[in-house]
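Some notes on the structure that comes next.
The values are calculated or read from the model by the stated rules, or taken from the named source; none is laboratory data. The model shown is predicted, which means the values in this text are computed figures rather than measured ones. Note that each Cβ is placed from the backbone with ideal geometry, even for glycine, and that neighbours are counted across all protein chains shown.
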Amino acid sequence: MSVDTTYPDTVHYRGLNRPTHIEGSAHDLHVEGRIPPEVDGAFFRAIHDPAYPPRFENDVVLSRDGMISKIEFKNGRVSTGIRYVQTDRFLAEREAGRALFGFYRNPYSDDPSVAGVSRTVANTTPYFHGGRLFISKEDGLPYRLDPEGLGTIGKWDYDGQLRSETLTAHPKVDPETGELFLFGYEADGLASTKVAYCVISPNGELISEQWFDAPYCGMQHDFAVTQTHAVFLVYPTIADLEGMKEGGPHWIHHQERESWIAVMPRYGSVEDLVWIKGPAGVHSFHVMNAFNEGSKLHVDQCLFNTNFFPFVMEPSGIDMQVEGALTRWTVDLDDVAAGVASEVLGPFCEMPIVPVADIGRPYSRGWYLTLDPGKITMLANGPSEVVFNCLQRISFPDRSIASFSQGPGIGFNEPVHIASRDPGHGGWLVMMIDRVIAEDHCAQEVWILEADAIANGPIAKVRMPFTTCEQVHGWWVPRNALEQAIPA
Ligand code: V55
Ligand code: FE
């Protein structure tokens, strides 16, 4: 039986989104420059690369099958590997030799033969906790992976103890306690307002799972955990159950509806959740960091005036200029009636990161991607047709911004930060670069930069032997953690 391998000619399948189906490994890659001794471990990246053409021409990047990519550094030697996550969905489609699942997060569009089979594609964030590697997407359970060979071990539900059907792709590990904080929205099914809030012990046991209702079923892509509080962010990109039944999209953005921020003591009870109304119409995918300052709680996020995904804006009837800024939301826990104070910290940005030791704490700097309009490259990647070409570092409290941009012809992906052993040194960023080498074709390189001197450019480059599809998020696992990984 022949297999259809023609993909729709849309942004979702062109450029860096052109499917590769590649699985493989390569060793002792070509390195230029010096790899710092602390860059010893594995850079895991989530990739989306559809194994089969979509059931519907107008499906979107978020539905594409997850792959796990690894770039491993050991004694200055570099190797790489990539494999599909063997999700229930991937295995069902591989067996059939065609797509069986329909639109992004719309089970009504599936082939009836896969009713009840998990739809998640595990394509958003790899993370390592309690000696185990996972890869996650917010519409389902994470899958556990073998960090060595990248094989899939299976769906992870904390030994059957987890009740939530979903877990976030933005888990938070407390750098001092080693605990993992998670939440899942649509926790008991499609378009549900139920949210599960979970605390996992440092060795990976489910300590608590508490459920609450959000004011509406909004997209909750990220959240925040400070040293004292858990913070939930609800934006008016709202699940449309009736529309889904008619073959429509999961999400409709409601420009006129309010956003919400909810706070509770992080070891407290969901009964203590305090809901505070935020501005109408806004949307954010990603939190850079959050922290306490006296009675105040700050949440720094990449905030936009709408949900910028074109495939959300269009069915929502929204036709406005997308604007965004790195924005600090502040609530005063002693005066929640005062609402949310909003302050611009920096430019339009995405893919924010901070040193892992600073997560949930007052911090001195963070990094994010943005655009240098003078060096633009138009190339399909993710949901967009322009690649990020500028890395910036914002420092606090002065809020000065350093920039490093490249192009045309070069795109940046979300870096990871690796601390130095020298407390006087700010560590390194490791970042995948997409370099256009011919029309609609790229080569890839990994660049290592000094985290506090990004403007100097890379101190080392690793040439990748093959090109993967677009990266989503990444995660750094240092050597000692890799060595302590629990065998499957
Ligand atoms: C995002 C990515 C997703 C998703 C929902 O970047 C939101 C935001 C790669 O999958 O399912
Ligand atoms: Fe994300």
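Any residue at all in the range 80-93 that is in contact with a Cys (Cβ under 6 Å, 6 or more places away or on another chain) and aliphatic (A, V, I, L, M)? No: zero hits. Looking at 483, 470, 414, 385, which one is under 18 Å from the mean Cα position of the chain (by Cα) and over 21 Å from residue 359 (Cβ atoms)? Exactly one of 483, 470, 414, 385 is under 18 Å from the mean Cα position of the chain (by Cα) and over 21 Å from residue 359 (Cβ atoms), namely 470. Scanning the range 251-260 for residues that are of a type in the set (A, V, I, L, M, F, W, C) and buried (at least 22 other Cβ atoms within 10 Å of the Cβ) yields one hit, 251. Among the residues examined, residue 316 qualifies as modelled with pLDDT of 95 or more and not in a strand (DSSP E or B).
In the range 259-273, which residues are polar (S, T, N, Q) and over 25 Å from the mean Cα position of the chain (by Cα)? Correct list: 269 only.
Say whether the condition of being modelled with pLDDT of 95 or more and either within 16 Å of ligand 1 (Cβ to nearest atom) or farther than 27 Å from residue 40 by Cα (or both) is met by at least one residue in the range 449-457. Checked against the condition, which is being modelled with pLDDT of 95 or more and either within 16 Å of ligand 1 (Cβ to nearest atom) or farther than 27 Å from residue 40 by Cα (or both), the range 449-457 yields no hits at all. Total residues in the range 169-222 satisfying the condition of being buried (at least 17 other Cβ atoms within 10 Å of the Cβ), acidic (Asp, Glu) and assigned to a strand (DSSP E or B): the figure is 1.
Being within 16 Å of ligand 1 (Cβ to nearest atom) and either aliphatic (A, V, I, L, M) or touching a His at 6+ places or on another chain (Cβ under 6 Å) (or both) is a property that holds for residue 252. The residue of the range 207-224 that is farthest from residue 185 (Cα to Cα), among those that are among the hydrophobic types (A, V, I, L, M, F, W, C) and away from ligand 2 (no atom under 16 Å from the Cβ), is 207. All of 479, 399 fail the test of being basic (Lys, Arg), away from ligand 1 (no atom under 16 Å from the Cβ) and in contact with an Asp or Glu (Cβ under 7 Å, 6 or more places away or on another chain), apart from 479. Output the residue which, of all residues in the range 103-138 that are among the acidic types (Asp, Glu) and more than 11 Å from ligand 1 (Cβ to nearest atom), is nearest to residue 157 (Cα to Cα). Among them, the one singled out is 110.
Residue-wise test of (1) β-branched (Val, Ile, Thr); (2) within 21 Å of the chain's Cα centre (by Cα); (3) crowded, with 19+ Cβ neighbours inside 10 Å.
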residue	(1), (2), (3)
320	no, no, no
324	no, yes, yes
331	yes, no, yes
358	no, yes, no
370	yes, yes, yes
374	no, no, no
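Exactly one residue among 175, 171, 202 is farther than 24 Å from residue 252 by Cα and within 16 Å of ligand 2 (Cβ to nearest atom), and that residue is 171.
Condition test on residue 386, is it more than 16 Å from ligand 2 (Cβ to nearest atom), of a type in the set (Val, Ile, Thr) and surrounded by fewer than 20 Cβ atoms within 10 Å (Cβ to Cβ)?
In short, yes.
Once the range 109-129 is narrowed to residues that are surrounded by 18 or more Cβ atoms within 10 Å (Cβ to Cβ) and assigned to a loop (DSSP other than H, G, I, E, B), the residue that is farthest from ligand 2 (Cβ to nearest atom) is 110. Against the definition (farther than 23 Å from residue 171 by Cα, free of Cβ contacts under 8 Å to residues at least 24 places away in the same chain and within 16 Å of ligand 1 (Cβ to nearest atom)), how does residue 322 come out, yes or no? Criteria met by residue 322. Could you please find all residues in the range 130-139 being closer than 20 Å to residue 69 by Cα and either surrounded by 23 or more Cβ atoms within 10 Å (Cβ to Cβ) or within 16 Å of ligand 2 (Cβ to nearest atom) (or both)? The answer is 133, 134, 135, 136, 137, 138.
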